Amino acid sequence: MLEARSLTKCYSTVPALDNVSFIIRPGEVLGYLGPNGSGKSTTVKILTGLLQPTSGVALFNGQNIQSDLPAYKRQLGYVPEEANLYPFLSGLEYFELVGRLRGLNANLVQKRADKLLRILSLHPHRHLAISSYSKGMRQRILLISAILHNPDLLIFDEPLSGLDVTTALIFRKMVQTMSSEGKTIFYCSHVLEVVEKVCSHIMILRKGKQLAYGSVDDLNRFQSMASLEETFSSLVQETDAEQAAGEIVDAVLSR
């Protein structure tokens, strides 16, 4: 179980995250939503141990993640927003490195990597340098490295970035299957359609503050909306999207 208790992070005196709390139990997928600058990336950095909160605490299975960060990270699979990989390594070499860092048996790494490379259509490219990979291929490398050690907790930060339609569908089904296997999943994304399909619970942020938290159905009913997109828009939109779109078109067409 992953729990955030009153997480707050301030830069100087400005709070990027302000008193945010949630719980994700095994088998649950929390969709973490908000416009740019709402505190999503700050939360991800705290949950992955890259930042310490100004106040509050992040717990995994009842233990402060900062109390034994290496042990926590052994149970964590993380897909960051940016695919910053070692460009001089091949895809297979990268997985061998990840396997060694995770303390996995070399034969097990080879077996799992081979299967995952084939499933995600990377096997023919496994010996090529990552520098030659497309953005979508690098994103698939990130996905494989995040699940290679079969972690209990998965944190996905915009995981669909650069993925083609087929791979995005495979990923969506994988999230659903992993949650049914009891994995704890934190899913940070702007793709509301996918979030609505794969997430059991939703949290919506705005300017670092927690606006709404609950199941997808409960939030939609509470806001009397038909979809998550409408619920999200009603909570966080500062401008009328339809009006803004019309004004943009008018500006382009004007002479």
Are there any pairs with C-beta distances below 7 angstrom linking a residue in segment 203-219 that is part of a helix (DSSP H, G or I) to a residue that is of a type outside the set (S, T, N, Q), with the two at least 6 apart or on different chains, and if so which?
V216/E196; V216/C199; V216/I202; V216/L228; L219/I202; L219/A212
Is at least one residue of segment 134-150 under 22 Å from T42 (Cα atoms), assigned to a helix (DSSP H, G or I) and either of a type in the set (G, A, S) or in contact with an Asp or Glu (Cβ under 7 Å, 6 or more places away or on another chain) (or both)?
yes
For segment 174-202: of the residues being in a helix (DSSP H, G or I) and modelled with pLDDT of 90 or more, which is nearest to L116 (Cα to Cα)?
M174
Please go through segment 110-135 and give me each residue that is in contact with a Leu (Cβ under 7 Å, 6 or more places away or on another chain) and either crowded, with 18+ Cβ neighbours inside 10 Å or of a type in the set (S, T, Y) (or both), ordered by number.
R112, A113, I130
Pairs returned, first residue in segment 86-112 that is within 10 Å of I130 (Cβ to Cβ), second residue that is polar (S, T, N, Q) and part of a helix (DSSP H, G or I), beta-carbon separation under 6 angstrom, 6 or more apart or interchain, are P87/S131
Checked segment 38-85 for anything within 30 Å of S131 (Cα to Cα), without any contact (Cβ under 8 Å) to a residue 24 or more places away in the chain and under 20 Å from the mean Cα position of the chain (by Cα); matches are K45, L50, E82, N84
So, P159, is that one at pLDDT 90 or above, in contact with a Phe, Trp or Tyr (Cβ under 9 Å, 6 or more places away or on another chain) and part of a loop (DSSP other than H, G, I, E, B) or not?
no
Across segment 17-40, what is the number of residues that are surrounded by fewer than 19 Cβ atoms within 10 Å (Cβ to Cβ), among the polar types (S, T, N, Q) and more than 16 Å from I185 (Cα to Cα)?
2
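Just need a number here: residues in segment 192-205 that are farther than 21 Å from D18 by Cβ, touching a Leu at 6+ places or on another chain (Cβ under 6 Å) and of a type in the set (A, V, I, L, M).
Residues in segment 192-205 being farther than 21 Å from D18 by Cβ, touching a Leu at 6+ places or on another chain (Cβ under 6 Å) and of a type in the set (A, V, I, L, M): 1 in total.
The values are calculated or read from the model by the stated rules, or taken from the named source; none is laboratory data. What you are looking at is a predicted structure, and each value in this text was computed from that prediction instead of being measured. Methodologically, a virtual Cβ is constructed for each residue, glycine included, from the backbone with ideal geometry; neighbour enumeration extends over all protein chains shown.
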